């Protein structure tokens, strides 16, 4: 029975040590969807980590979703992004791949940020500074997410 609830997306919460996310396919209208760079650089990895943290900090209102599926033209994922309350695009660098992939598929981000334009140097490394992640996440909250009524999980941002 629990498996059936998980598959249908009706159960969100915690099972064992895993925090379950709202099923973006059935809850898209209530969610702010985050698409993030996951590029092979420090700024790309920061973008991905920011998306993870925002999803964990606001489990009922913010959900990262697969940008690769958008690029691949997944009808399911395109529907999720198009039904979402809003879409955030986190770009690692000035190439703005995240925003460009979304726009190529007809999705206009309500908010976009470029990590490398926030005083963070792009390096050919998968390592990043945790303080930079916190700073970018806090900026997104201040500039955009604060406009929404969202419940937060303490200590996740």
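Any residue in segment 115-126 that is buried (at least 17 other Cβ atoms within 10 Å of the Cβ) and either free of Cβ contacts under 8 Å to residues at least 12 places away in the same chain or in contact with a strand residue (DSSP E or B) (Cβ under 6 Å, 6 or more places away or on another chain) (or both)?
Within segment 115-126 (the criterion being buried (at least 17 other Cβ atoms within 10 Å of the Cβ) and either free of Cβ contacts under 8 Å to residues at least 12 places away in the same chain or in contact with a strand residue (DSSP E or B) (Cβ under 6 Å, 6 or more places away or on another chain) (or both)), the answer is no, since none of the residues qualifies.
When you scan segment 18-47, how many residues do you find that are free of Cβ contacts under 8 Å to residues at least 24 places away in the same chain and under 11 Å from the mean Cα position of the chain (by Cα)?
0
Out of segment 6-38, which residues are surrounded by fewer than 21 Cβ atoms within 10 Å (Cβ to Cβ), part of a loop (DSSP other than H, G, I, E, B) and modelled with pLDDT of 90 or more?
Answer for segment 6-38, where residues must be surrounded by fewer than 21 Cβ atoms within 10 Å (Cβ to Cβ), part of a loop (DSSP other than H, G, I, E, B) and modelled with pLDDT of 90 or more: just 38.
At least 2 residues that are closer than 15 Å to residue 24 by Cα in each: list the strands (runs of 3 or more DSSP E) lying fully within segment 55-157 that qualify.
Counting at least 2 such residues, we get 62-64, 86-91.
Could you figure out which of (1) surrounded by 14 or more Cβ atoms within 10 Å (Cβ to Cβ); (2) touching a residue at least 24 places away in the same chain (Cβ under 8 Å) isn't true of residue 96?
All conditions pass for residue 96, except number (2).
Evaluate segment 71-93: report whether one residue or more is under 22 Å from residue 142 (Cβ atoms), in contact with a strand residue (DSSP E or B) (Cβ under 9 Å, 6 or more places away or on another chain) and without any contact (Cβ under 8 Å) to a residue 40 or more places away in the chain.
no
The values are calculated or read from the model by the stated rules, or taken from the named source; none is laboratory data. Just so it is clear, the structure is predicted and the values come from calculations on it, not from any experiment. Please note: Cβ atoms are built from the backbone with ideal geometry, for glycine as well, and neighbour counts cover all protein chains shown.
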